[in-house]
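Reading through the structure tokens given below for one structure.
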Amino acid sequence: MKFKTELHCHSGDVSACSKAPVELIIDRYTAAGYHSLVLTNHLSRFTYKNKEFDHSEDWDWTQKIDFFMYGYHHLKEAAGDRLHIILGCELRSNTDENDYQLYGVTEKFLRATPDIMNMSIKDLGPLCHEHGILLFQAHPFRNGMRIKKPELLDGVEVVNGNLGAQSRNDIAYMWAKRYGLKMSAGSDFHGESHDTNTGIWTDHPITTREELMEVLNSGNYEIVNKDELLV
């Protein structure tokens, strides 16, 4: 038996671009046979301009992380024992327009790093490693993205399931193979019209941050695209 994990999903209560309520996320992913989901809500200057609320840019860092973490706690509580929810983060700093997935990120780390939004990727990588966090570039060949030097990254997203976003997954896969980077895959789920058939397969269930990090660091997982094995 294989266990399926989503590595790229956004909930509508935090990510301004998402229209996915927690109930929809849980229903869709459990129906599709997922055991685990890494919630990678956006953390960027746009996070606090959520379409349904009047969030002030004058919030201090504690208030901003309170809001960001609400999405995770809300989804985790709603999921109960139906779906294992693990905290992730899709960061877009003020230093460039790329999106970076932080796997293994913790609430403690986010609260203790108020300058993260102004850090360069060159400085962010070593800081992440100090705290056992892996840094992946999301959809690195999508329009508007600039691929970073491989030595600055732990990995890249080689399958992005948002088919309308021109992510050029084939190029991302070849790039990861060429430079020996770790690979991730995710549906980039934002709502009803998006598919939930991409992610990773493992021989054992991923239920915690620690299990996720062990799997990603060991490479003991398979990349799946539309429920077909890619690598």
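The values are calculated or read from the model by the stated rules, or taken from the named source; none is laboratory data. From a predicted model like this one, the values you see are computed outputs, not experimental measurements. Don't worry about glycine lacking a Cβ; one is built from the backbone with ideal geometry, like all the others, and counts go over all protein chains shown. Ligands, DNA and RNA are stripped out before the accessible areas are found, and what is left, the full protein with its side chains, is counted by its heavy atoms. Shrake-Rupley method; radii C 1.70, N 1.55, O 1.52, S 1.80 Å.
For a 32 Å ceiling on Cα separation, which of these pairs sit above it: Lys64/Lys177; Lys2/Lys76; Lys2/Lys64; Lys19/Lys64; Lys19/Lys177; Lys64/Lys149? Exceeds cut-off: Lys64/Lys177; Lys2/Lys64; Lys19/Lys177. In this structure, the amide hydrogen of His42, modeled 1.01 Å from its nitrogen in the peptide plane, lies closer than 5 angstrom to those of Ser15, Glu90, counting only residues at least 5 positions away or on a different chain.
Summarising the amide proton neighbourhood of Ile86: residues at separation of 5 or more, or on other chains, whose placed amide H is nearer than 5 Å comprise Leu37, Val38, Leu39. Extents of the chain, largest first, come to 47, 38, 33 Å (Cα atoms, principal axes, whole angstrom). Annotation: amide H-H contacts under 5 Å for Asn225 (H modelled 1.01 Å from N, sequence separation of 5 or more, or interchain): Leu230.
For the listed peptides 106-116, 32-42, a ranking on the average number of other beta carbons within 10 Å per residue, highest first, reads 32-42, 106-116. With 0.36 nm allotted per residue and the present C-alpha distance subtracted, the Glu97-Glu192 stretch has 31.6 nm of extension available.
In order along the stretch 107-121, the phi-based Karplus estimate (6.51 cos²θ - 1.76 cosθ + 1.60, θ = phi - 60°) of 3J(HN,Hα) comes to 4, 4, 4, 4, 5, 8, 10, x, 9, 4, 5, 10, 8, 6, 4 Hz; Gly and Pro are listed as x.
For the stretch 174-231, the square roots of the Cα gyration tensor eigenvalues, ordered a ≥ b ≥ c, give a/c of at least 1.5 with a/b no greater than b/c, which places it in the oblate category. Comparing Asn98, Ile65, Asn118 along the charge dipole axis of the chain, the residue lying farthest to the positive side is Asn98, per the Cβ-charge model. For the chain, carbon and sulfur atoms together expose 50% of the accessible surface, with a 1.4 angstrom probe and every protein chain in place.
Normalised by the number of residues in the stretch 1-157, what is the relative contact order in percent for Cα pairs under 8 Å and 6+ residues apart? If you can, show how the numbers build up before the last one.
Values: 253 pairs, mean separation 30.3, N = 157.
Worked out over the stretch 1-157, it gives 19 percent.
3J(HN,Hα) along the stretch 23-31, derived from phi through the Karplus expression 6.51 cos²θ - 1.76 cosθ + 1.60 where θ = phi - 60°, amounts to 4, 5, 4, 5, 5, 5, 6, 5, 5 Hz, with x in place of Gly and Pro.
Report the per residue volume, in Å³, of the convex hull enclosing the C-alpha atoms of the stretch 77-141. Write down the numbers at each step before the final one.
Details: hull volume 7.2 nm³, N = 65.
Each residue corresponds to 111 Å³ of Cα convex hull volume.
Leaving out ligands and nucleic acids, and using a 1.4 Å probe, what accessible area per residue does the stretch 12-115 come to in Å²?
Numbers: 4560 Å² over 104 residues.
About 44 Å² of surface per residue is accessible.
Overall, the ratio between the Cα radius of gyration of the stretch 1-113 and 2.2 N^0.38 Å, rounded to two decimals, is 1.06. With θ taken as phi - 60° and the Karplus curve 6.51 cos²θ - 1.76 cosθ + 1.60 applied, the whole-hertz 3J(HN,Hα) list for the stretch 218-224 is 7, x, 7, 7, 10, 7, 10 Hz, x standing for glycine and proline. With R₀ set to 45 Å, the beta-carbon distance separating Ile171 from Tyr70 gives a calculated FRET efficiency near 0.80.
A simple charge model with +1 on the Cβ of Lys and Arg, -1 on the Cβ of Asp and Glu and nothing else charged puts the dipole of the chain at about 600 debye relative to its Cα centre.
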